[in-house]
Structures are given as structure tokens and as C-alpha cells.
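The values are calculated or read from the model by the stated rules, or taken from the named source; none is laboratory data. Since this is a predicted model, take the numbers as computed values, not measurements. Counting neighbours? That spans all protein chains shown, and the Cβs are built from the backbone with ideal geometry, glycine included.
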Amino acid sequence: MPGLWQTSHSRRRFTWSDYRNWPEGERWELIDGVAYAMAPAPSTRHQQVALKLASRFEQKLSGKRCRPFTAPIDVKLSEHDVVQPDVLVVCDPAKITPTHIEGAPEVVVEVLSPATATKDLREKKALYGRYGVREYLVADPLENYLQRYRRGEDGTFEAPEIFGPQETLALLELEDVAIDLWEVFELPPPEAEPTSAEV
């Protein structure tokens, strides 16, 4: 039974077939065949930030080729790698199946939780780079900032760009998609620059 498996020390490499046959109601991810139990239900703050980001993608991508999705949805990267990002954007319709996403999304967003932050910034970041995610966004809902990783030509992510809550994030892989982060983090907008008459 999955609940008895050691989340990071199991000697067996599990597969997509194993994963699909586990009991409903339990949330797991596979990274290199190792089963990782998903954290308990995320905090309300986590959910608010994830929902804000997803709604902005939905609004900006309306009528366009790319489509956003939110967790829980399975993303199968290989027979031994299955994850459930908080938010993702897929631009290739062939990757969208009735049950899951088959292959790497163009954009993946993870909203950090204390229990999963290390995995998101280490194992999952390496995984996303290896399988071709072009842009990886990591939002911190407590400190109110966002990191953007862009995949380099060698298949690994470059050093992150940091965006504060008073900045606008222009997506690199999605044309004409820019997100005001103060709206995502539910903070006051930046003060307007004074006009020449006010100086």
C-alpha cells in the first residue's frame, strides 16, 4: 500500500503503470522512480497565490494556442517521472490527453510550501530542466517574491532572476503575457512616478 512506502528510500523504481494503479485519494509524485508523498493540503495563502497566477494565465491566454492547467493534474515526463505542478502552461495540443499531460509543459509554476520547498528547488528543478521545461517559476507566498529559471542550451537552468512584489513579470516563453506581481501577492500597487507638474 502506498502509505507504507518510504518516500525517498525505496529500493524499487516505480513506473507510470504502478502510479496509475495506486489507490485514489492519495497524492504522490515520481522522480527517477522514487515515490514522494505529496505534502498535506497546502495553506490558504499558498492556494491564493496559485489561484491568482492561474487566473492571470487563463485571462492572458484566452483564445490563444497555449493552455494553462492547475493541480492536481498528472504530468508524465517519462515512465519513471510523474509530477503535479501547481500551475503549468502547455502549448502543444498533442501533449494534452484525456487523463494527463504527456511531456514537458512550456512553463511550470511551483508555489513554495515549507514541507516541499527543498524538493521544488532541487529535485524538481533539475527534473524540469532535464525534460525540456523552458521556463520555471517559483513563487514564495510568505516572502512575496518570485524566482524565474530559464533553461539553457545545456539542458540545465540558468541562474535565477528575482522579481519583487512591486514588479511586472513578462513571460519569456509566452508572447504578450505579463503578470503584475502585486496583484498575485495581493499587495498595494507600486506608487506612480511623479509627473513633472508634481516635482
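Observations on the model:
- As a summary of the residue check, Glu191 satisfies the conditions (1) at negative phi; (2) within 18 Å of the chain's Cα centre (by Cα) except for the one numbered (2).
- Within the stretch 109-131, none of the residues are at pLDDT 95 or above, more than 23 Å from Phe69 (Cβ to Cβ) and among the aliphatic types (A, V, I, L, M).
- Residue check, Tyr36 under 19 Å from the mean Cα position of the chain (by Cα), buried (at least 16 other Cβ atoms within 10 Å of the Cβ) and modelled with pLDDT of 85 or more: yes
- Qualifying position, being under 21 Å from His80 (Cα atoms) and either within 12 Å of the chain's Cα centre (by Cα) or crowded, with 20+ Cβ neighbours inside 10 Å (or both), among Tyr131, Tyr136: Tyr136
- Extreme residue, farthest from Ser17 (Cα to Cα), among residues of the stretch 30-44 that are of a type in the set (A, V, I, L, M) and part of a loop (DSSP other than H, G, I, E, B): Ala41
- Odd one out for Arg12 among (1) surrounded by 15 or more Cβ atoms within 10 Å (Cβ to Cβ); (2) over 23 Å from Glu175 (Cα atoms): (1)
- Residues of the stretch 17-29 classified as in contact with an Asp or Glu (Cβ under 9 Å, 6 or more places away or on another chain) and closer than 28 Å to Leu142 by Cβ, total: 1
- Between Glu167, Glu123, Glu143, Glu110, the distinction of being free of Cβ contacts under 8 Å to residues at least 60 places away in the same chain and within 16 Å of the chain's Cα centre (by Cα) belongs to Glu110 only.
- Condition check for Ala71: of a type in the set (Gly, Ala, Ser), in contact with an Asp or Glu (Cβ under 7 Å, 6 or more places away or on another chain) and within 24 Å of Tyr36 (Cα to Cα): yes
- Test result for Thr99, more than 20 Å from Leu51 (Cβ to Cβ) and hydroxyl-bearing (Ser, Thr, Tyr): yes
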